[in-house]
Amino acid sequence: KTYKSGVRLWNTPISFVCTQQQHSRHSIAGDIHMATFTRKAIMKTFLHILKNKPLDRITVKDICEQCEINRNTFYYYFKDIYDVLEAIFEDEVRLVMDEAKEGVTFHDAYARVAAIILNNREAIMHI
């Protein structure tokens, strides 16, 4: 799905087409997948906005409009904008830490962190 912000999640759109019988067996997995998808969409849309606008000027309304969700959906996943920012930091740190557990060298971990910073430098400058 591509949002108004131009943010695209995953390479293929998600389809939840299934028969009634399949739905009853897989609804929990589908709900979890959709929840993850929506949470990630909010986070990616926020990051996209943050690259162009200072943190103190971003509103929940901005995120909801670009992500094409309603405010209740936003507040289901996050308390406020700062909660979204914290979730982004936590996800990135978790990824780096998981890689470190897999025996990545210090140099590789440092390069990964540097790449994250460089790829998000506009957003970081707006925090």
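Read the figures in this text as sums done on the coordinates, not as results from a lab. What you see is a predicted model; the values in this text were computed from it and never measured. Heads up, the Cβs are rebuilt from the backbone with ideal geometry, glycines too, and the neighbour counts pull from every protein chain shown.
Here are the numbers:
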quantity: Highest to lowest packing among 69-81, 95-107, 35-47, scored as the average C-beta count within 10 Å; calculated: 35-47, 69-81, 95-107
quantity: Student exercise, the stretch 51-107 dipole from Lys, Arg, Asp, Glu Cβ charges, in Debye to nearest 20; calculated: 240 debye
quantity: FRET efficiency for Lys40 and His107, using Cβ-Cβ distance with R0 set to 41 Å, rounded to 0.05; calculated: 0.90
quantity: Net length gained if the chain between Asp91 and Lys53 were fully extended (0.36 nm per residue, minus Cα distance); calculated: 11.5 nm
